[in-house]
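The values are calculated or read from the model by the stated rules, or taken from the named source; none is laboratory data. Source: prediction; values computed, not measured. Glycine also receives a Cβ, built like all others from the backbone with ideal geometry; neighbour counts cover every protein chain displayed. Only protein heavy atoms, including side chains, enter the accessible area calculation; ligands, DNA and RNA are left aside. Shrake-Rupley method; radii C 1.70, N 1.55, O 1.52, S 1.80 Å.
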Amino acid sequence: MSEAPPPTRYRVAVRELCEFTAKQGSLDLRFTPAPTALEGMAGHALVAERRGEGYRAELSLSGDYQSLQVRGRADGYQPRLRRLEEIKTYKGRLQDQPDSHRRLHWAQAKIYGWLLCQQEGLDELEVALVYFHVGSQQETLLSERCSASELRLHFEQHCERFLAWAEQELAHRQARDTALQALQFPFGEFRAGQRQLAEAVYRAAQGGRCLLAEAPTGIGKTAGTLFPLLKAAPTQRLDKIFFLAAKTSGRQLALDALQALDAPGLRRLEMVARDKACEHPDKACHGDACPLALGFYDRLPAARAAAVAQSGALDQARVRELALQHQVCPYYLSQELARWADVVVGDYNYYFDLGALLHGLVQANQWRVGLLVDEAHNLVERGRKMYTAELLPDSLAQARRSPAARAHPALKKALDKLARAWRALDKAQAEPYRVYEAMPEPLLSALQACSGAITEHFSEHPAESDAALQTFYFEALHLGRMAELLDSHSLVDLSRPATAAMAGNSTLCIRNIVPAPFLRPRLEAAHTSTLFSATLQPRPYYADLLGLPETHAVLQVGSPFDAAQLQVHISRAISTRYPDRRASLAPIAALIARQYADQPGNYLAFFSSYDYLQQVAELLAREQPQLPIWTQSRRMLEAERQQFLARFAEDGAGIGFAVLGGAFSEGIDLPGRRLIGAFVATLGLPQINAVNEQIRQRMQTLFGTGYDYTYLFPGLQKVVQAAGRVIRTPSDQGVLHLIDDRFARPQVQRLLPPWWALDGG
Ligand code: SF4
């Protein structure tokens, strides 16, 4: 891909310009039903169809004002009537629409009006807002006849309000790019493997490609990916870099690396979830309830200006400080700052979720972005969760009992009808678990009717808030949306817990198993992306499930560690298969005790479940009461996790029992004597059950590798991650016991890191 020319003008989308210049008053995120993207598109298409021949839909327009280039797509133009139309689809009642929304719509429509007058040489124009109700399909048309000079004045006033900011942004961009060109790697020499990684990331950015990079722990992957992408940003004209992490620890590493890289003037923003940033969790996000929402847009310009003027990182603490100084909401301030930051550090969901903020901004602004996806093996499971939708019996039951349902018969009727359709389906299903070809039609119709009734209810009673009804509504909408997007990437299933005696307690799920079709367009929307992790084997598995573009590059960085650092033993005489669990308890406990007696120190012992872990821990405690042990428990709080990890002191000794795939099996760093060995008493294979068997069949159909994609690869990935806790630096020494005879199989050993020297144990 060729390099883009340096920007001499500031390009801004009409919508973004108006968001900046026309928003006033309070933040109002009171829940109002809104059309889905598909409903919106269908509404626009229907209006265009009604207009008939000669109607020009989706008109690309642009115009300049001093150093600004303003561009966008007007919804439609009727040359016969000389009418420019801005179409807005909606649900609910038009009279409830806040004035601020209407102001914004007029501001946009009139800017398009001027751009069209200029382009077509018109001296006047009818500018119309067409409000299209997605339910009734009725149109409400509000229009004004405007002269070209009035529209021009309107355009110039908005541009003038934005101009100083745009010029500041152009200057910032230039200074930033100059600083990035001069940026030096701050850590002296690259570590072994780190240069290779950095070069590959740089090449991927130059080629506008996606890179899948497997690089071992300890080489400095965070700095090794951020530095080359920052260096590539000026020549590739990257607008932003997004560093996306699965966990808070990954975000912190990125912020620390950015601090150390110390690029002058680089705006670094951390995004955190609403529940972590909210100052008034007991309030709703609108001016009547929350003081930080009241007058938000009036105080936002000063808060925004202060944020971009400061030199340090805009991490959670700093954004909070600024927000409170200016009396605006920290969470929504950080959303605004995402528009102006150079590097945004946040969770995967800010880019990959169906309605993700960062992806939405990329689309709206046509930004060129560089993506870094940290610990990318996690994106398979996280992606599946994002694109899975469930309808839970409890949610429906609570919605039916909600005050709103009790007070409004129409609502109650729709909820009851859905419950009946659900129960009928459940009753007709003899087996506790079943996969359906598609969403069962009667249930889907009842669900849609129910969503429609709740939409109507919320539209007619905007002041009524009902948490139970709202929770159910969001679940129903998400399910409806995933039903629209249903394809072979997901299963529709109904499962009934073994304990549920009565019909009506089943869970209906659209279960995403291949997130690739959703992830791929997101990856393709970026100019370049690097997905990196220490465990990305086998690569075709990740390429298939993560939807990597066909042209993606791959890199495997060799380990800086050598076989002499880690003694790997395979316990061929022990089977951890479910039927053999009882028999395995004593030999595993004896193995742990023997290893500890030979070499006292800190160890981690991983098991496939809490029950298994508990059984071995209890046996060991009985037989070796002098041996210090501590165990992971279900739903540990953060403080309890810290206590668990604190036991791994330099001079400590004992065995920490943990669950494979849990909080202690990846992302924790216990170098040197803090951890001298690990036991992995399982292959980590997901349980064989009805759901996984369905997944296996679908994987077989899609990729021809059902067992491997469902059981073997995900299991071994967890084993390698957990075992990776032992050797963290080139001076570490350790021991690893792989406990199960299947570890001796060649197809399993092929999935283990090549630098391990395996023996028969
Ligand atoms: S402080 Fe909390 S309640 Fe107030 S606007 Fe922000 S997120 Fe909403």
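Taking the chain as the reference, fit the longest principal axis to its C-alpha atoms, fit the long axis of helix 248-261 to the helix C-alpha atoms, and give the angle between the two in degrees, 0 to 90, nearest 10. Helix 248-261 and the main axis of the chain meet at about 80 degrees. Exceedance of the 20 Å cut-off in Cα-Cα distance is limited, within the set Lys88/Lys110; Lys110/Lys240; Lys385/Lys427; Lys247/Lys276; Lys23/Lys88; Lys23/Lys283, to Lys110/Lys240; Lys385/Lys427; Lys23/Lys283.
Under 5 Å between amide hydrogens, built in the peptide plane, is the criterion, and for Cys210 it picks out Ser529, Ala553 among residues at least 5 positions away or on other chains.
Listed by chain and number, the aspartates and glutamates whose C-alpha is less than 18 Å from the C-alpha of Lys413, apart from same-chain residues fewer than 8 away, are Asp394, Glu456, Glu460, Asp466.
I'd like the orientation of helix 99-120 relative to the chain: the angle between its Cα long axis and the longest Cα principal axis, in ° from 0 to 90, rounded to 10. Helix 99-120 sits roughly 70 degrees off the main axis of the chain. About its Cα centre, the dipole of the stretch 67-159 is roughly 240 debye, where the only charges are +1 on Lys and Arg Cβ and -1 on Asp and Glu Cβ. Against the chain, whose longest principal axis is taken from its Cα atoms, helix 316-325 shows a tilt of about 40°. Considering helices alone, the calculated mean residue ellipticity of the chain at 222 nm is -14000 deg cm²/dmol, with DSSP H runs of length four and up weighted by -39500 (n - 2.57) and normalised per residue. If only the Cβ of Lys and Arg carry +1 and only the Cβ of Asp and Glu carry -1, the dipole of the stretch 262-303 around its Cα centre is close to 120 debye. What is the percent carbon and sulfur in the accessible area of the stretch 170-251, measuring with a 1.4 Å probe over the protein chains and ignoring ligands? That share works out to 50 percent. Using a probe of 1.4 angstrom and keeping all protein chains present, the accessible surface of the stretch 432-587 works out to 42 square angstrom per residue. Shown in residue order for the stretch 349-360 are the 3J(HN,Hα) couplings computed by the Karplus curve 6.51 cos²θ - 1.76 cosθ + 1.60 at θ = phi - 60°: 5, 5, 10, 9, 4, 4, x, 5, 4, 5, 5, x Hz (x for Gly and Pro).
Shape class for the stretch 24-122: oblate, because the ratio a/c of the largest to smallest gyration tensor axis (alpha-carbon atoms, square roots of eigenvalues) is 1.5 or more and b/c is at least a/b. Around the Cα centre of the chain, unit charges on the Cβ atoms of Lys, Arg, Asp and Glu (plus for the first two, minus for the last two) sum to a dipole of about 760 debye.
Which residues' amide hydrogens lie under 5 Å from the amide hydrogen of Leu68, considering only partners 5 or more residues apart or on another chain, with H built in the peptide plane? Excluding prolines and chain starts, which carry no amide H, the hits are Tyr10.
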